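The structure appears right after this line, and notes come after that.
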Amino acid sequence: MKHDNTVQIIVRCDEYEKNLSILESLGHIKYKLPMINSYVVEINKRYLEEVKSFDGILSIEADAHIAAQMNRVNNIIESDWAYDNGYDGMGVGVAIVDTGICLHKDFVEGGNRVIGFVDLINRRKEPYDDNGHGTHVAGIVGGNGYSSKRKYRGIAPACNLIGVKVLDHKGDGNISDVLAGLQWIIDNKDKYNIRVVNISVGTTSRDNGDEDSLLVQGVNAVWDSGIVVVVAAGNNGPGPMSISTPGISRKVITVGSSDDNIAVEVFGNKTKNYSGRGPTPYCIKKPDIVAPGSNIISCNINRYLSRKKRNGLQPSSNYAPMMYTIKSGTSMATPVVSGAIALLLSAYPHLTNLEVKLKLRDSAVDLGQPWEKQGWGLLNVKKLLENKLV
């Protein structure tokens, strides 16, 4: 078992077998990698300097977690094409219905783009996020990548962000709070130019799993007000009819994960093939579209830095990794699509929400999977923006 004082390192040697016995005496050999003359060793931190002094050691590297990152997502959906052609979401307001949003550097450096905030839980006035989910989602939509030198840049890095806090510090909330948040969005859509609403929350309650449920009526009302509503398919797949509410709405754009075939951690549990599958109980074809959602690195709320500042201490030089964190689920795939729509609306601001939906349909890439898994197919920003308007 790995303890807090144990680190995992990759040791590369000039002669593969030469240092094996010494390494075995100092730690546990987890993997032997003769193809690169290396060993993966779990070792007590106090032996690190000793290992570095051994003859024949070419390099020692700390083991690192490999994950799909925002730069990888941008490659998959070809959003770099948009940036290269001057589309970045500028001026488009995207409302994030979630746990809140903090004033992360990726949102405020170069100008504060968190232009609106409402708190239906604690009634606070200033933007904050006591859970982290909403900030992560917002980073996928519109983080500018300032803290990572653009490596973890969001999809629409110049869009405006509006935080609508309807979930508490545990990520829990009531349908009534969500409905109040949706009403606030309708009431303030012109003030903040809200063109897109991202809803990475939902319920699987049977009481709310029909088209007449209040939650579905609420998102339909937002759609009818002229706003594009983008909703997560939920993480209850792979069985049929596992789309979460309000993603069952026939009007909204429901998003599944294109890469849920790998095992990831969702809300503390390891899962695979998690993306909600259609159809809905009323035989509506869902999801509408899919995007990457597994192991996505995006903005973190930086509890560590906040604690340092409260205690009057200076953050250490290695604080940068705290600026980002990894999350998985259709909650992460949904803001990828919301960000792409912000790019589209910055290019063609006159589009209606129905026209946006049709353009997503016509530009999606068929993955050769059943409709109940992929919908129209994989989001592709290049095709979305290149397609001529009709």
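The values are calculated or read from the model by the stated rules, or taken from the named source; none is laboratory data. Remember, predicted model here, so these are calculated numbers, not experimental data. Cβ: placed from backbone, ideal geometry, glycine included. Neighbour counts: every protein chain shown.
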### Message
Quick check on region 186-218: of everything there that is crowded, with 24+ Cβ neighbours inside 10 Å and assigned to a loop (DSSP other than H, G, I, E, B), which residue is modelled with the highest pLDDT?
### Response
Ser200
### Query
Assuming Gln183 fulfils every condition listed in (1) surrounded by fewer than 24 Cβ atoms within 10 Å (Cβ to Cβ); (2) over 26 Å from Leu351 (Cα atoms); (3) at pLDDT below 95 apart from one, which condition is it?
(2)
### Summary
Scanning region 219-239 residue by residue, those surrounded by 24 or more Cβ atoms within 10 Å (Cβ to Cβ) and in a helix (DSSP H, G or I) turn out to be Val219, Val222
### Query
Can we say Asn75 is out of contact with any helix residue (DSSP H, G or I) (no Cβ under 6 Å at 6 or more places or on another chain), closer than 20 Å to Leu379 by Cβ and of a type outside the set (Val, Ile, Thr)?
yes
#### Entry: Answer from Ile76, Ile96 - the residue that is at pLDDT 85 or above, of a type in the set (Val, Ile, Thr), in a helix (DSSP H, G or I) and closer than 26 Å to Ser328 by Cβ
Ile76
### Query
Tally time: how many residues in region 143-185 are polar (S, T, N, Q) and outside any helix (DSSP H, G or I)?
3
### Task
Confirm whether Lys382 is closer than 23 Å to Ala233 by Cβ, charged (D, E, K, R) and either assigned by TED's automatic domain parsing to the domain that holds Asn236 or surrounded by 22 or more Cβ atoms within 10 Å (Cβ to Cβ) (or both).
no
